[in-house]
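Working notes, beginning with the structure itself.
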Amino acid sequence: DVEDLILQWSDYFVRLQAAAGIEEPTAVVTPTSMRRLEGYFAKLHDDEMSLRSDLATSQAFNASLEAEIRDLDEQLGNTSNERQQLLMRLEDQARAREQFDQTLQLFGAFEANVLRQGDDIIIRLTGLRFASGSPKLSAGNNALLKKVERAIGIYPGSLIVIEGHTDSRGSSSTNKRLSEQRAQAVANYLAANIGLSADRLTAVGYGAEKPVANNETDEGREKNRRIDVVIKPQNGINF
């Protein structure tokens with residue numbers, strides 16, 4: 001009957017949210033619960049497209065290098081330094097992509113977005129929470145920060161920059177000071193828990209200078225209030 005169907009589909013909806021890693025799944029379909037699911041599936045789609053693009057780029061790059069190697073083998077009798085350098089570049093490329101994939105897989109859809117910017121890896125901590133208007137980390141952040149620790153461990157010897165950002169509400173001086181304090185709070189946690197030395201770890205606050213969304217909407221302001229963990233690998237490898 002109708003009641004059985006409703007209960008059955010409510011169960012399906014709860015199981016779908018649980019599979020997406022959503023904490024405290026609800027059996028009631030609401031605009032908020034649907035947006036969370038839509039965000040999860042949108043991130044899955046974006047990640048798949050990014051990986052497909054990376055794979056295609058890598059395959060094309062490898063094919064090009066293999067052709068270069070064959071030419072060098074013919075010209076230099078398979079003994080040149082240039083051939084060895086090309087092989088090393090291939091290995092470095094493969095390692096860099098593997099590191100990025102490992103980092104991407106650490107975080108759920110509502111915890112962080114993992115991005116590339118040149119050689120740098122950016123972990124945008126969308127799930128990190130602070131008390132309102134305060135630099136104090138909320139109590140529920142430990143699990144997410146543990147994942148950040150693991151991500152940093154994937155890049156031995158890397159330089160780490162913790163960037164704090166706010167929305168545009170309030171004065172620029174207040175926003176800048178708050179963003180600096182929040183970035184420093186995360187840096188202090190990482191220094192205390194994984195022993196990052198001062199020459200590897202930097203905290204900086206930008207206030208509202210670098211928005212990633214429209215500050216005229218609540219959703220945009222929420223995206224702009226963020227901490228970005230920027231990992232700068234020291235192997236100098238391009239993706």
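Read through the list (1) touching a residue at least 24 places away in the same chain (Cβ under 8 Å); (2) surrounded by 14 or more Cβ atoms within 10 Å (Cβ to Cβ); (3) closer than 20 Å to Leu106 by Cβ, then give the number of the only condition that Leu44 fails.
In the conditions (1) touching a residue at least 24 places away in the same chain (Cβ under 8 Å); (2) surrounded by 14 or more Cβ atoms within 10 Å (Cβ to Cβ); (3) closer than 20 Å to Leu106 by Cβ, Leu44 misses (2) alone.
Can you say whether Leu7 is modelled with pLDDT under 80 and of a type outside the set (Val, Ile, Thr), as far as the supplied structure shows?
When the stated conditions are applied, Leu7 passes them.
Residue-wise test of (1) touching a residue at least 12 places away in the same chain (Cβ under 8 Å); (2) at negative phi; (3) of a type in the set (Asp, Glu).
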| position | (1), (2), (3) |
| --- | --- |
| Arg89 | yes, yes, no |
| Arg97 | yes, yes, no |
| Gln102 | yes, yes, no |
| Gln105 | no, yes, no |
| Val114 | yes, yes, no |
| Gly118 | yes, no, no |
| Ile121 | yes, yes, no |
| Arg124 | yes, yes, no |
| Arg129 | yes, yes, no |
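Among the candidates Arg169, Arg177, which residue alone is more than 20 Å from the chain's Cα centre (by Cα), in a loop (DSSP other than H, G, I, E, B) and over 27 Å from Asp92 (Cβ atoms)?
From the options Arg169, Arg177, the qualifying one is Arg169.
Which of the residues spanning segment 47-63 are polar (S, T, N, Q) and either touching a strand residue (DSSP E or B) at 6+ places or on another chain (Cβ under 6 Å) or exposed (fewer than 11 other Cβ atoms within 10 Å of the Cβ) (or both)?
Residues satisfying the conditions are Ser53, Gln59.
Checking the structure you have, find out if any residue of segment 139-148 is within 16 Å of the chain's Cα centre (by Cα), among the charged types (D, E, K, R) and open to solvent by 30 Å² or more (accessible area, probe 1.4 Å).
Yes, because at least one residue in segment 139-148 is within 16 Å of the chain's Cα centre (by Cα), among the charged types (D, E, K, R) and open to solvent by 30 Å² or more (accessible area, probe 1.4 Å).
For segment 209-239, which positions are of a type in the set (A, V, I, L, M) and modelled with pLDDT of 95 or more?
Of everything in segment 209-239, those that are of a type in the set (A, V, I, L, M) and modelled with pLDDT of 95 or more turn out to be Ile227, Val229, Val230, Ile231.
Name the single residue that is farthest from Ile123 (Cα to Cα) among those in segment 183-200 being open to solvent by less than 30 Å² (accessible area, probe 1.4 Å) and outside any loop (DSSP other than H, G, I, E, B).
For segment 183-200, the residue satisfying everything is Ala185.
Hey, does segment 92-110 have a residue that's among the small types (Gly, Ala, Ser), more than 30 Å from Gln8 (Cα to Cα) and open to solvent by less than 80 Å² (accessible area, probe 1.4 Å)?
yes
Can you find a residue in segment 12-28 that is surrounded by 11 or more Cβ atoms within 10 Å (Cβ to Cβ) and on the phi > 0 side of the Ramachandran plot?
yes
The values are calculated or read from the model by the stated rules, or taken from the named source; none is laboratory data. Small disclaimer: the values here were computed from a predicted structure and weren't measured. Cβ sites come from the backbone with ideal geometry, for glycine too, and all protein chains shown count toward neighbours. What goes into the accessible areas is simple: the full protein's heavy atoms, side chains included, and nothing from ligands, DNA or RNA. Shrake-Rupley method; radii C 1.70, N 1.55, O 1.52, S 1.80 Å.
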